[in-house]
Structure formats: structure tokens, C-alpha cells
Amino acid sequence: MSCLFSCCASLTCGLCSSVASGISRSSARLAYCGLFGISLVTSWILREFGAPLMEKMSWIKTEEQPEEWFQMQAVLRVSLGNFLFFAIFSLIMIGVKDQNDRRDAWHHGGWMAKMVIWILLVVLMFFLPNVVFSIYGVLSIFGAGLFLLVQVILLLDFTHSWNDSWVEKDERKWYIALLVISIGCYLAAFAIPGLLFIWFNPSGHNCGLNVFFLVMTMILAFVFAVIALHPAVNGSLLPASVISVYCAYVCYTGLSSEPRDYVCNGLHTKSKAVSVGTLVLGMLTTVLSVIYSALRAGSSTTFLSPPSSPRAGGSKPLLEAEDLEDGKNKKTEGEGQPVSYSYTFFHLIFALASMYSAMLLSGWTSLNESSDLIDVGWTSVWVRIGTEWVTAALYIWSLIAPLLLPDREFF
């Protein structure tokens, strides 16, 4: 057995060394995404199979607790280690403006050391007292909410950028494409709630809450179109339709998170299938949203980029006109290239995503649901529905804010 562990350890070290040496400057961001993905898989494995081992740790098992409690502890401990790793890097990277800063090399290199630090942090979390994770569990609820808010802001930025880029082309085919996609999205935005009425409003039961959620989703989609097409707003149908589809999707995830014994949940008869599907979809959605957020960090809007970044807004050109005329278009010796995105925000996204993934895998720290199910419970329902309503409020505000505050500039 010891020989087997030695072989596994040597193979793991060799694999880590080869992976770390193969990470280049251009692939560093994807490497961080890969590390986050490993943390998700680790959390799930320990959640499913680590409870018996944790029950033998006297500093964790201070009293009799159900198996679900140990599963939640495993998820929170891995999450806190992951959170600390990215939070520390986020703090270290504050103020990095150009590539000559020594911390730029820390961000892109040293991957063998980073992997060792990450492993040590995760392992250390299993030796801390339970009270630490009781506090972290509460804080993670707010951190997860902040992560969802960031996703909404990036989605709004993406839809407006998408619309503006096609409109700027000023060609008939792009206008037709905008119209076709907008119509398609709006058809989906109303078709999805229509299907959900069948699944989550079964006949013979009083499901007023579900009906309220679905009707509100359809009303919001209609309101988006009315406001966006109002002459005073000068909006566009594409962002309104995309946000409508997103709200319909979030409404579905909220309803599908209802307890399986709730009579208005039409999926309750397929508990096992839904639990596996929710696990896969939840993990995949989280990883993809984090990758998108992280890769887009610092480039989606001007306030996310450092002042010296080429992507940051500003009135001063990168090269003064007189320098161009004199041929001085090369950087002076010792002056580094400005960084293209905010390293601090980049790592902050992963730190918040660690909290969000912990909430998904622990059922928002609720022990009322079956341990076989992922992200199920009334807390999950209200978090999803709240996210939908916040999305709607932010989108409507983005349309009417220029009218209410004409003296301010909105990017």
C-alpha cells in the first residue's frame, strides 16, 4: 500500500511539474480556470465520499451530526482554501499597471509554487475549528450573491456591446440578423414560461407562487420591449430579447430548485435524474460563467481596467501626436507595456465564484434536503428569483438612467 501511495505521489508531482512548465504567459488565465475546475471536482468528490473520513476527525466531529453536515463541511473547507488562494492574489495584485512590475511575473508564472500553496491551503482548512466555517458559510451567501450580480452586469455589458457592434456595421444584412435573433429570443422568452406552466402548475393543486413567478417573467419580457422601443429611450430590441431569455432561464432554475416533495414541482417524480442533471448543469454553468467573467475581466467596461491599460477609457491617447511626428513611437527604455486587464478583479472573480460554488454544492448551507440533490431548497429558489428581478431592475435602469440623469455620462 505504501508503495502504491509513493508511486501515486511521484506521478502526481511529475504531472504537476510538466503542467506547470507548459503554462505560458498567454495561457495563464486558462490555467487559473483549470485550477478552479479542479477545486470544483475536489469539492464534489469529498462531498460524496469524504464524510466517513471526516467523522473520524475528533476536532471536526465534536458532537453527533448527520451525514449531510459532514458533506457540507467538506465543501466549505475546500471552498475556503480556494477562496483564500484567490483573495490573497487579488490583494497582492492591487495597483499593478505595467508588465515591469514584479507582481506581473507572479501573476503569470511560478505555477509549481502556486499549486503547492493551493494544496497546502486546502489541506490546512481541514484542521481548523468548525466555528470558522459557520462564519464562512454565512459570508458565502453574500459572496455568492455578489458573484451573481457581477454576472448580471457582464451580461448587460455583453448585450449592449453586441448590439452596438452590429449596428455600427450599418449594413442591411446585419440589421436583418439583429431582427431575426431578437424575434427568436422573444419567442423563446415566452415559450419557456409556457412550458413551465405545464411542469410547475399541475392541475388539482394550488400553485399560486409558481404562477406568480411565471407571470412576472412574461410581464418583464413585455416591459423590456416597451421601454427599449420607446422613442425617448432610443434603445434596441436585441438586448431586451436576450435579457428576457436569460430571465426565463433563471426562472426555470429557480423553480427546478424547489423541494422534491413540493406538490407544485412537476420534476419531483424524477428526483435522481434531476439531481444528476442539476449537478452537471450547475457545475458546467459555473465554470463557463467564471471563465467568461475572468477572461473578460478588465476589458468589459472602463472601470474594470487599470488607468494605464489600453482598454481603459480616457481622453489622453496612448501616444501623443508630437511623439508620432518625431518618430518616437517606441517605448522608452525601462518603460513596460501596460497590463491589458485588472489582475485584482480577475482574482476577485474566482474568489467570489468559490463562495458561489460552495453554495451550490451545499444547498446554500441548508440541511433540510436530501444529500443526493444539488442546489435544491427554498433558499436556492429565492436566490434565483431574486437574481431574475435584480437583472430586470438593472436592465431597466440602464435604459432610463440617461433620461433621469441627463448630465451624467453612461458607458
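The values are calculated or read from the model by the stated rules, or taken from the named source; none is laboratory data. Just so it is clear, the structure is predicted and the values come from calculations on it, not from any experiment. As a convention, Cβ positions derive from the backbone with ideal geometry for all residues, glycine included, and neighbour counts pool all protein chains shown. Quick note on the areas: whole protein, heavy atoms, side chains included, nothing else; ligands and nucleic acids left out. Shrake-Rupley method; radii C 1.70, N 1.55, O 1.52, S 1.80 Å.
A few comments on the model shown:
- Odd one out for Ile192, checked against (1) in contact with a Phe, Trp or Tyr (Cβ under 7 Å, 6 or more places away or on another chain); (2) free of Cβ contacts under 8 Å to residues at least 12 places away in the same chain: (2)
- For the range 135-164, the set of residues classified as more than 21 Å from Phe222 (Cα to Cα), in contact with a helix residue (DSSP H, G or I) (Cβ under 9 Å, 6 or more places away or on another chain) and polar (S, T, N, Q) consists of Ser140, Gln151, listed by residue number.
- Residue in the range 49-71 that is among the small types (Gly, Ala, Ser), crowded, with 16+ Cβ neighbours inside 10 Å, within 26 Å of Leu360 (Cα to Cα) and modelled with pLDDT under 90 present: yes
- Some residue of the range 160-183 being crowded, with 20+ Cβ neighbours inside 10 Å, over 22 Å from the mean Cα position of the chain (by Cα) and hydroxyl-bearing (Ser, Thr, Tyr): yes
- Single condition Ile135 does not satisfy, out of (1) among the β-branched types (Val, Ile, Thr); (2) without any contact (Cβ under 8 Å) to a residue 12 or more places away in the chain; (3) farther than 30 Å from Thr42 by Cβ: (3)
- Selected residue (only one of Trp111, Trp106 is at pLDDT 80 or above, open to solvent by 50 Å² or more (accessible area, probe 1.4 Å) and hydrophobic (A, V, I, L, M, F, W, C)): Trp106
- Of all the criteria given as (1) touching a Leu at 6+ places or on another chain (Cβ under 9 Å); (2) closer than 25 Å to Ala353 by Cβ, the one not satisfied by Arg103 is (1).
- Total residues in the range 72-103 satisfying the condition of being open to solvent by less than 10 Å² (accessible area, probe 1.4 Å), in contact with a Gly (Cβ under 8 Å, 6 or more places away or on another chain) and in contact (Cβ under 8 Å) with a residue 60 or more places away in the chain: the figure is 1.
- Restricting the range 50-67 to residues that are in contact with a helix residue (DSSP H, G or I) (Cβ under 6 Å, 6 or more places away or on another chain) and part of a helix (DSSP H, G or I), the residue that is farthest from Phe126 (Cα to Cα): Glu67
- Boolean, Leu124 is closer than 29 Å to Met54 by Cα, surrounded by fewer than 17 Cβ atoms within 10 Å (Cβ to Cβ) and out of contact with any Pro (no Cβ under 8 Å at 6 or more places or on another chain): yes
- Filtering Ala240, Ala225, Ala191, Ala221 for residues that are touching a Ser or Thr at 6+ places or on another chain (Cβ under 7 Å) and at pLDDT 90 or above leaves a single hit, Ala221.
- Some residue of the range 202-214 being out of contact with any helix residue (DSSP H, G or I) (no Cβ under 9 Å at 6 or more places or on another chain), open to solvent by 30 Å² or more (accessible area, probe 1.4 Å) and among the aromatic types (Phe, Trp, Tyr): yes
- Ile219 vs. criteria assigned to a helix (DSSP H, G or I), free of Cβ contacts under 8 Å to residues at least 12 places away in the same chain and either open to solvent by 30 Å² or more (accessible area, probe 1.4 Å) or over 24 Å from Leu148 (Cα atoms) (or both): yes
- Test: residue in the range 221-234 that is out of contact with any Pro (no Cβ under 6 Å at 6 or more places or on another chain), of a type outside the set (Val, Ile, Thr) and farther than 19 Å from Asn163 by Cβ: yes
- If you go through the range 376-389 and keep only what is open to solvent by less than 10 Å² (accessible area, probe 1.4 Å), of a type outside the set (A, V, I, L, M) and either touching a Leu at 6+ places or on another chain (Cβ under 7 Å) or modelled with pLDDT of 85 or more (or both), you end up with just Glu388.
- The range 232-253 residues that are closer than 19 Å to Leu404 by Cβ, paired with ones that are assigned to a loop (DSSP other than H, G, I, E, B) and at pLDDT below 90 (beta carbon under 7 Å, 6 or more apart): Gly235/Leu229
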